[in-house]
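These notes are about the structure you will find just below.
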Amino acid sequence: MPVSTNKPLRYRQIHLDFHTSEHVPGVGAAFDADEFVGTLRKASVDSITIFAKCHHGWSYYPTKVGAPHPQLARPDLMGDMVRALTAADIECPIYISVQWDERNARIHPEWRVMSATNRYHRATPNDPSTAKQLSPAWHTLCLNHKAYRDELLEQAREVLRNYDTPGIFFDIITTPDCVCPE
């Protein structure tokens, strides 16, 4: 989706940080579109980044590519936000966490960044768990894994096909040294 160079950037932009563990119940249950938009209007916000996929690896819409947050009270929380924001002329770029994806780190530990010292990137040194899966740090995924890149790209395409957005905000793209087999 090309970005128009004639259109000025919005004046007051907010990044809505929305990283929510699968253990948090009732995600989006109290969402009220009118109150959401009203609060943003009172603050003169004209652009807000909303989440498709967070660091926990969960999606906030009915994805066929990733996995919807298991505690979503509203199956299309992101879509509800997009529709309300678009109707109010508030831009909503959509956020996708790239290399921090805890769900995929658990399902595919082979996708995790491995340093030359045979340690996982960002893992704590005294973590006794298997493959340091319980480390309190975010687990960084290696972008050399084609299956993961394909999943990321398809999720971005899915979002762009199904939602009215000025663009995608890809976050957490790092360049750690990695010596995994890929």
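Structural remarks
- Residue in the stretch 74-83 that is hydrophobic (A, V, I, L, M, F, W, C), outside any helix (DSSP H, G or I) and either at negative phi or at pLDDT 95 or above (or both) present: no
- Condition broken by Leu153, with the remaining ones in (1) at pLDDT 95 or above; (2) surrounded by fewer than 15 Cβ atoms within 10 Å (Cβ to Cβ); (3) under 23 Å from Gly28 (Cα atoms) satisfied: (3)
- Per the conditions (1) loosely packed, with under 11 Cβ neighbours inside 10 Å; (2) modelled with pLDDT of 95 or more; (3) of a type outside the set (A, V, I, L, M, F, W, C), the sole criterion not satisfied by Pro2 is (2).
- Taken over the stretch 25-57, the criterion of being in a loop (DSSP other than H, G, I, E, B), out of contact with any strand residue (DSSP E or B) (no Cβ under 7 Å at 6 or more places or on another chain) and surrounded by 13 or more Cβ atoms within 10 Å (Cβ to Cβ) is satisfied by Phe31, His56, Gly57.
The values are calculated or read from the model by the stated rules, or taken from the named source; none is laboratory data. These numbers come from a predicted model, not from an experiment. Cβ sites come from the backbone with ideal geometry, for glycine too, and all protein chains shown count toward neighbours.
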